[in-house]
Amino acid sequence: MVQLAAELLSRRSGPAGPDLSGTRIAVLGATFKPNTDDVRDAPALAVAALLGKAGADVHVFDPQGMENARRAVPDLTYEESMTEAVRGADLVCVLTEWAEFRNADPVALGELATGRKVVDGRNCLDSTLWTQAGWEYRGLGRP
C-alpha cells in the first residue's frame, strides 16, 4: 500500500523505502472491518502508521473506531468527519469498506481534495464512477 501510494504521488523509493514527506494523505477507515470499533491487528491502521513513518501527514477518519485508533497510534491526525480528512489531501486511501465510504460522492470529495488520487485498499469503490469524476483510481491487486 505504501509503495502504491508513492507511485500515485510520483515519489521515488530509496533504500529506506518511499519518502512521502510533504504530502497529505486521507485514510478512510482504521478498524479491522466495518461496523465495529475494533482496531486490534487492523491492517488499515497499520497502513496508516506506515504512511506516517514514510513522512506523510496522515489524516484518519473512521465512523466508529476513532478513540481506539487514537490510543493505538497517537502520532496520526484524527478528523471528525470524512470531509475533514479529505480536505486538502493529495491522496485518499480507502482502507475499511464502510458503507459511508463506498457510497461517498466522488465529485463532492474531489472538490475538497488537492489531488484527485485514490487507492482503494478494499476494492469496494465503483472504479468507473470515481474515474468519471476525474480521480486517478488504483485498486489493490488490480491492474
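Any read-out appearing in this document is the output of simple, stated calculations on the displayed coordinates, not a laboratory observation. Predicted model only: the values in this text are computed from it and were never measured. Counting neighbours? That spans all protein chains shown, and the Cβs are built from the backbone with ideal geometry, glycine included.
So how compact is the chain: Cα radius of gyration and Dmax in angstrom?
That works out to 13.6, 38 Å for Rg and Dmax.
Counting Lys and Arg as +1 and Asp and Glu as -1, what is the net charge of the other residues whose Cβ lies under 15 Å from the Cβ of Arg71?
-4
Just add up the charged neighbours of Lys53: K/R +1, D/E -1, any other residue whose Cβ is under 15 Å from the Cβ of Lys53.
-2
Among Ala42, Gly65, Phe101, whose Cα projects farthest towards the positive end of the dipole of region 2-131, with charges put on the beta-carbon of Lys, Arg (+1) and Asp, Glu (-1)?
Ala42
In percent, how large is the relative contact order of the chain, given Cα pairs closer than 8 Å and 6 or more residues apart?
It comes to 22 percent, rounded to a whole number.
Using Cβ contacts closer than 10 Å as the measure, can you line up Val94, Val47, Val73 from fewest to most?
Fewest to most other Cβ atoms nearby, the residues stand as Val73, Val47, Val94.
Using the number of other C-beta atoms within 10 angstrom as an exposure proxy, rank Leu129, Leu50, Leu28 with the fewest first.
Sorted ascending by nearby Cβ count, the order is Leu129, Leu50, Leu28.
Mean-square fluctuation check for the chain, GNM, Cα pairs under 10 Å: which of Gly17, Gly55, Gly121 is largest?
The residue with the greatest mean-square fluctuation here is Gly17.
Let me know the charge dipole size of the chain about its Cα centre in debye, to the nearest 20, where only the beta-carbon of Lys, Arg (+1) and Asp, Glu (-1) is charged.
460
Can you sort Cys93, Cys124 by how many other beta carbons sit within 10 Å, fewest first?
Ascending Cβ contact count within 10 Å gives the list Cys124, Cys93.
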